[in-house]
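Peer 1: One structure, pasted below without further comment.
The values are calculated or read from the model by the stated rules, or taken from the named source; none is laboratory data. It should be emphasised that the depicted structure is a prediction, and the values quoted were computed from it without experimental measurement. Note that each Cβ is placed from the backbone with ideal geometry, even for glycine, and that neighbours are counted across all protein chains shown. Heads up: the accessible areas ignore ligands, DNA and RNA and are worked out on the full protein's heavy atoms, side chains in. Shrake-Rupley method; radii C 1.70, N 1.55, O 1.52, S 1.80 Å.
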Amino acid sequence: MEKQPIIVVENLVKKFGNFVANDNLTFRVKKGEIFGFLGANGAGKTTAIKILCGLSSPTSGKVTVAGFDVYRETNKIKQNIGYMSQKFSLYENLTVKENIRFYAGIYGLNKKVIDERMEELLSGLNIQELKNTLIASLPLGWKQKLAFSIAIFHKPKIVFLDEPTGGVDPIARRQFWDMIYDAARNGITVFVTTHYMDEAEYCDRVSIMVDGRIEALDTPAALKKAFAAENMDGVFLKLARKKSN
Amino acid sequence: MHRFLGFVKKEFFHIFRDGRTMLVLFGIPVVQLLIFGYVVTNEIKDIKIAIFDQSKDEVTIEISNKIISSGYFKLEKNLDNISNIEEIFREGYVKEVIVFEPDFARKFEREGIAAIQILADASDANTANLIVNYTNAIIMDYVKKVNGSNQMPMKIEPEVRMIYNEGMKGVYMFVPGTMALILMLVSAMMTSISIAREKEMGTMEVLLVSPLKPFQIVTGKVIPYVVFAFINAVTIIVIGHFVFGMPIKGSVLFLLAESFLFISMALSLGILISTMAKSQQVAMFISVFVLMLPTLLLSGFIFPIENMPVILQWLSYIMPPKYFIIIIKNIMLKGTGIAFVWKETLILFGMMLFFIAVSVKKFKIRLE
């Protein structure tokens, strides 16, 4: 039996006036999957993510996230997802502890749970001694790991990562992907966009968007085979070229 | 509620940890008030005056001497022709001319009333007002002494004319003006910057994706500034009253309520600005050029609205501080209640609703 889908998108269309940002998208993301969401800038990735996160309503189509409808149940969706962007989104003039408390607080966790999980988190990252350090003085790699840990602190069903590794060195990126795998192993579905094609290889399945449409969707291995490419970079280039011809 | 309180707490952390924010919030208001207070309404000393005495009797000479020996004034010239007055003002160094009517002593003693005309160069409005007040006080002091033993009180009627600036009003302009300026600064500028900062740092995205409602996010950001702006309003009123002797004739409660209304209006304006500005710099820029300069220049704070070109007068009608200044002056100086300022109050309230409505609309469009 195939695992239950946690994100269901059927014929999603999003228009801004005459401009069609998302043109009839249909895909499913399975529970616990690491789903890569690729595409050039302006291909419509951000629009789709906003819809999935409940920030914007589709023009038409059926979309459910974690079992909730994006038209009517955005509040329930928000409670069940985590989000992290390229900017890492931590408050620079708050300490590590205060950031954790703040973000956990807005998801409605009580103080006891927060303190327990915080200890877990800090010892997991091995940064207990940095608890009272201001975020501003942490190196980028640490900020990124911390931002991810905070994004899944409330144990969401799905975590959306919008280009989470931008500007970080390769070693830190590798470590970051280890954290992603851990999260997926714990049953959290990971929905990730990225610019780095080598990262696409780490995903269970990858969708590639071109001009508002999903042009390819499969496992990295299957895609490479179908496009007769050595790596994901090749797949991406061939798709883009096919489109422009 | 629990989530919301955590949010407000975070906002206070931001403010207390940022030295610059603290400075803007608490340092600048006091410094500004003191600067405006002491620089704008400076003590006067050795102001050059001219006297046109058409009577030259014992009373006019005594009054002249009293004025000149006060230390505030220095006699530059005795005029003997009315046409010299304009000329001497044009030259610029004489700031005040005192004119005694002919037959001064006789009128004063027989009819019990005599007239003095005080003309002041009001191109420097505040100084003009001050020196006229000082002159008046000296004359009144003389009258009081003369009347001390008399049964029939005698009167001197000073007629004041502000040359170049007829409509100038209120030496206490600076307290309401500074208050409007500072509340505008703290409320509108600081909120717009702090919301723009969240956008710049990317934390706004995370907040929007969280279960917090946009309404809660905005209110949470605004509440600390309401508190601080209110503290500032009280500070200014206290300093204005006890340091500069600004009277508070009306109800203090009403005064605070109107301040609160103005703060809310300024905050909604700040929110509107933040919906337009993507970065802190842009928010700052808009605040300074759209809020601060017009507040200073067009609200009647420094330059009297009556003397502006018609177009600028029209423009002043859309300046919120103008109405606040009118309200504050009415309450503090005249002791009037809502009956006299309901129109201005309503305008401020309307402006607030307008800014909120536009912000909500803009906010929705941006989310799409």
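Peer 1: Can you tell me how many residues in segment A:21-36 are of a type in the set (D, E, K, R) and within 13 Å of the chain's Cα centre (by Cα)? Steps first, answer last, please.
Peer 2: Taking segment A:21-36 as the starting set, the residues that turn out to be of a type in the set (D, E, K, R) are A:23, A:28, A:30-31, A:33.
Checking which are within 13 Å of the chain's Cα centre (by Cα) leaves us with A:33.
Total meeting the criteria: 1.
Peer 1: To continue, here is another question. Going through B:166, B:109, B:159, B:91 one at a time, which residue ends up being at pLDDT 80 or above and acidic (Asp, Glu)?
Peer 2: Values: B:166 fails: at pLDDT 80 or above; B:159 fails: at pLDDT 80 or above; B:91 fails: at pLDDT 80 or above.
From the options B:166, B:109, B:159, B:91, the qualifying one is B:109.
Peer 1: Which numbered condition in (1) surrounded by fewer than 22 Cβ atoms within 10 Å (Cβ to Cβ); (2) more than 8 Å from chain A (Cβ to nearest Cβ); (3) under 24 Å from residue A:102 (Cβ atoms) is the only one that residue B:224 fails?
Peer 2: (1)
Peer 1: Right, here's the next one. How many residues are touching a residue at least 60 places away in the same chain (Cβ under 8 Å) and either farther than 23 Å from residue A:169 by Cα or open to solvent by 60 Å² or more (accessible area, probe 1.4 Å) (or both) if we restrict to segment A:221-245?
Peer 2: Residues flagged as touching a residue at least 60 places away in the same chain (Cβ under 8 Å) and either farther than 23 Å from residue A:169 by Cα or open to solvent by 60 Å² or more (accessible area, probe 1.4 Å) (or both) within segment A:221-245 amount to 1.
Peer 1: How do the helices (runs of 4 or more DSSP H) wholly within segment B:282-351 filter down when requiring 1 or more residues that are more than 21 Å from residue B:189 (Cα to Cα) and open to solvent by 60 Å² or more (accessible area, probe 1.4 Å): which remain?
Peer 2: Working: elements: B:293-298, B:310-316, B:320-329.
In segment B:282-351, the matching helices (runs of 4 or more DSSP H) lie at B:310-316.
Peer 1: Determine which member of the set A:187, A:167 is modelled with pLDDT of 90 or more, in a loop (DSSP other than H, G, I, E, B) and either under 26 Å from residue A:224 (Cβ atoms) or more than 13 Å from the chain's Cα centre (by Cα) (or both). Before you say what the answer is, go through the steps one by one.
Peer 2: Working: A:167 fails: modelled with pLDDT of 90 or more.
After ruling out the rest, the residue left standing is A:187.
Peer 1: Quick check: is even one residue across segment A:38-48 on the phi < 0 side of the Ramachandran plot, surrounded by fewer than 20 Cβ atoms within 10 Å (Cβ to Cβ) and more than 11 Å from chain B (Cβ to nearest Cβ)?
Peer 2: Scanning segment A:38-48 turns up at least one residue that is on the phi < 0 side of the Ramachandran plot, surrounded by fewer than 20 Cβ atoms within 10 Å (Cβ to Cβ) and more than 11 Å from chain B (Cβ to nearest Cβ).
Peer 1: Working only within segment A:94-121, note down all residues that are within 11 Å of chain B (Cβ to nearest Cβ) and either open to solvent by 50 Å² or more (accessible area, probe 1.4 Å) or more than 19 Å from residue A:145 (Cα to Cα) (or both). Give the derivation first.
Peer 2: Just the residues of segment A:94-121 that are within 11 Å of chain B (Cβ to nearest Cβ), to begin with: A:94-95, A:98-99, A:101-111, A:114.
Answer for segment A:94-121, where residues must be within 11 Å of chain B (Cβ to nearest Cβ) and either open to solvent by 50 Å² or more (accessible area, probe 1.4 Å) or more than 19 Å from residue A:145 (Cα to Cα) (or both): A:101, A:105, A:106, A:107, A:108, A:109, A:110, A:111.
Peer 1: Could you please find all residues in segment B:1-24 being modelled with pLDDT under 80 and more than 14 Å from chain A (Cβ to nearest Cβ)?
Peer 2: Listed by number, the list holds a single entry, B:24.
Peer 1: Something else: In this structure, is residue A:144 open to solvent by 10 Å² or more (accessible area, probe 1.4 Å) and either part of a helix (DSSP H, G or I) or within 13 Å of chain B (Cβ to nearest Cβ) (or both)? Talk me through it step by step, then tell me what you get.
Peer 2: Values: open to solvent by 10 Å² or more (accessible area, probe 1.4 Å): no; either part of a helix (DSSP H, G or I) or within 13 Å of chain B (Cβ to nearest Cβ) (or both): yes.
Answer is no for this residue.
Peer 1: Of all residues in segment A:79-91, count the ones that are part of a loop (DSSP other than H, G, I, E, B) and either more than 7 Å from every other protein chain (Cβ to nearest Cβ) or under 20 Å from residue A:177 (Cβ atoms) (or both).
Peer 2: Selection size over segment A:79-91: 5.
Peer 1: Provide a single number: the residues in segment A:48-78 that are in a helix (DSSP H, G or I), under 29 Å from residue A:168 (Cα atoms) and out of contact with any Gly (no Cβ under 6 Å at 6 or more places or on another chain). Before the answer, list the steps.
Peer 2: The initial filter retains those residues of segment A:48-78 that are in a helix (DSSP H, G or I), namely A:48-52, A:74-78.
The next check asks that each one be under 29 Å from residue A:168 (Cα atoms); those that pass are A:48-52, A:78.
Next, from what is left, pick out any that are out of contact with any Gly (no Cβ under 6 Å at 6 or more places or on another chain): A:48-52.
Residues flagged as in a helix (DSSP H, G or I), under 29 Å from residue A:168 (Cα atoms) and out of contact with any Gly (no Cβ under 6 Å at 6 or more places or on another chain) within segment A:48-78 amount to 5.
Peer 1: Something else now. How many residues are within 24 Å of residue A:6 (Cβ to Cβ), open to solvent by 40 Å² or more (accessible area, probe 1.4 Å) and of a type in the set (D, E, K, R) when one looks only at segment A:78-93? So that I can check it myself, show each step before the final result.
Peer 2: Just the residues of segment A:78-93 that are within 24 Å of residue A:6 (Cβ to Cβ), to begin with: A:78-86, A:89.
From what's left, open to solvent by 40 Å² or more (accessible area, probe 1.4 Å): A:79, A:86.
From what is left, the residues that are of a type in the set (D, E, K, R) are none.
Result for segment A:78-93: 0.
Peer 1: For segment B:255-264, does any single residue satisfy the condition of being in the same structural domain as residue B:10 (by TED's automatic domain parsing), closer than 24 Å to residue B:347 by Cα, in a helix (DSSP H, G or I) and free of Cβ contacts under 8 Å to residues at least 12 places away in the same chain? Write out each step before concluding.
Peer 2: Of the residues in segment B:255-264, the ones in the same structural domain as residue B:10 (by TED's automatic domain parsing) are B:255-264.
Then drop every residue that is not closer than 24 Å to residue B:347 by Cα, which leaves B:255-264.
Those still in the list that are in a helix (DSSP H, G or I) too: B:255-264.
Checking the rest, the ones that are also free of Cβ contacts under 8 Å to residues at least 12 places away in the same chain come to B:257.
Yes, some residue in segment B:255-264 is in the same structural domain as residue B:10 (by TED's automatic domain parsing), closer than 24 Å to residue B:347 by Cα, in a helix (DSSP H, G or I) and free of Cβ contacts under 8 Å to residues at least 12 places away in the same chain.
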